[in-house]
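The structure appears below as structure tokens.
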Amino acid sequence: MTDPASDPTTAAIMEQLKERDQLRGETSRLREALAAALADVMSVTADRDHLRVEAAQRGNAMFVEGYDQAVREIRDHFGKQRQPKVSAVIEKIWIKESNT
């Protein structure tokens, strides 16, 4: 029986098998790295989306607060100007909008 390493065909097959195993290992490593990167991207995307929602909610709350303050100031202005009917109309519209 001959030594497999001394047979050129067997040696070539053994080398190809070794190379295939190395490529398979590299493919597995890359697959795991890609899965980890995808998980990171999904996490960052979820965080970004959450921050967007929070910012939008804060912005809406700030707008409503500012709007309410502006309406109160306008209503009070007309009240001080002794125009109670205008003040009452503003109050009526404001209460109607606040309830919708």
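The values are calculated or read from the model by the stated rules, or taken from the named source; none is laboratory data. These numbers come from a predicted model, not from an experiment. Methodologically, a virtual Cβ is constructed for each residue, glycine included, from the backbone with ideal geometry; neighbour enumeration extends over all protein chains shown.
Mind listing whichever residues of the range 8-46 are among the hydroxyl-bearing types (Ser, Thr, Tyr) and over 18 Å from the mean Cα position of the chain (by Cα)?
9, 10, 27, 28 - these are the residues of the range 8-46 that are among the hydroxyl-bearing types (Ser, Thr, Tyr) and over 18 Å from the mean Cα position of the chain (by Cα).
Look at the range 33-81 and say how many of its residues are among the small types (Gly, Ala, Ser) and at pLDDT below 90.
7
Mind checking which pairs have a first residue in the range 46-64 that is assigned to a helix (DSSP H, G or I) and a second that is of a type in the set (A, V, I, L, M, F, W, C), Cβ under 7 Å, 6 or more apart or different chains?
Pairs found: none.
Restricting attention to the range 71-100, and to residues there that are more than 40 Å from the chain's Cα centre (by Cα) and loosely packed, with under 10 Cβ neighbours inside 10 Å, which single residue is farthest from residue 61 (Cα to Cα)?
Within the range 71-100, the match that is farthest from residue 61 (Cα to Cα) is 82.
For (1) over 30 Å from residue 92 (Cβ atoms); (2) touching a Ser or Thr at 6+ places or on another chain (Cβ under 9 Å); (3) not hydroxyl-bearing (Ser, Thr, Tyr), each residue gets a yes or a no:
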site: 16; (1), (2), (3): yes, no, yes
site: 28; (1), (2), (3): yes, no, no
site: 39; (1), (2), (3): yes, no, yes
site: 44; (1), (2), (3): yes, no, yes
site: 60; (1), (2), (3): no, no, yes
site: 63; (1), (2), (3): no, no, yes
site: 72; (1), (2), (3): no, no, yes
